[in-house]
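Please read the structure below before turning to the comments.
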Amino acid sequence: METINLLQRKEAMKKLRKETKRLNRQRKKLRYKKALLLKCTKYRFRFVQYVFYLWAKYFDIFLALIFISGLFYVCGMSLNVLKFDENSIFIGILSELFIWFGEFSCFMIFTFILIILSFLYVQKYVVLSDTFNFYEDLKESIRVLDSNIVDVEKRIFRNEKELKEKGDLLQ
């Protein structure tokens, strides 16, 4: 009868050891998954944050530059019309300067258009899509992974405790 009890205990210990090994592998996989998730998403989310930061910080400056360059161009063209009425060198130089500055600043319009397009892209694919909630989803999945890791570690601790108790009983 005692030998049957010992055999059953040994069998139970083998099962516990197998379970502990399986749980250790599972814990290792979960930790790796968490690290990979954090590493892969960190840079992507920082880029989105940076785009929003730049857009919010410099939008009014870009808008003002476009508006001012347009004003200079219009003033230059108006002075150019006045130059033909009066043969003034000062008005001619000033009109050419205004036109040059307006045309040079018009290159800012292309920059502004690119910024608008990038903003629309970010708005369409980030703000209006599910990926904007990406960070919250990421935090939730990390929270789930952490709870799974804690559960696995609790089971491992329980198994090791049972193994010690059964090992003490066998001796």
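Quick note: the coordinates plus some simple rules give every number you see, no bench work behind them. Note that the coordinates shown come from a computational prediction; the quantities given were computed from them, not determined experimentally. Methodologically, a virtual Cβ is constructed for each residue, glycine included, from the backbone with ideal geometry; neighbour enumeration extends over all protein chains shown.
Structural remarks
- Model label points for residue 71 and residue 154, set 7 angstrom from Cα along the Cα-to-Cβ axis, are 6.7 nm apart.
- Label-point separation, residue 33 to residue 104 (7 Å along Cα→Cβ), nm: 5.9
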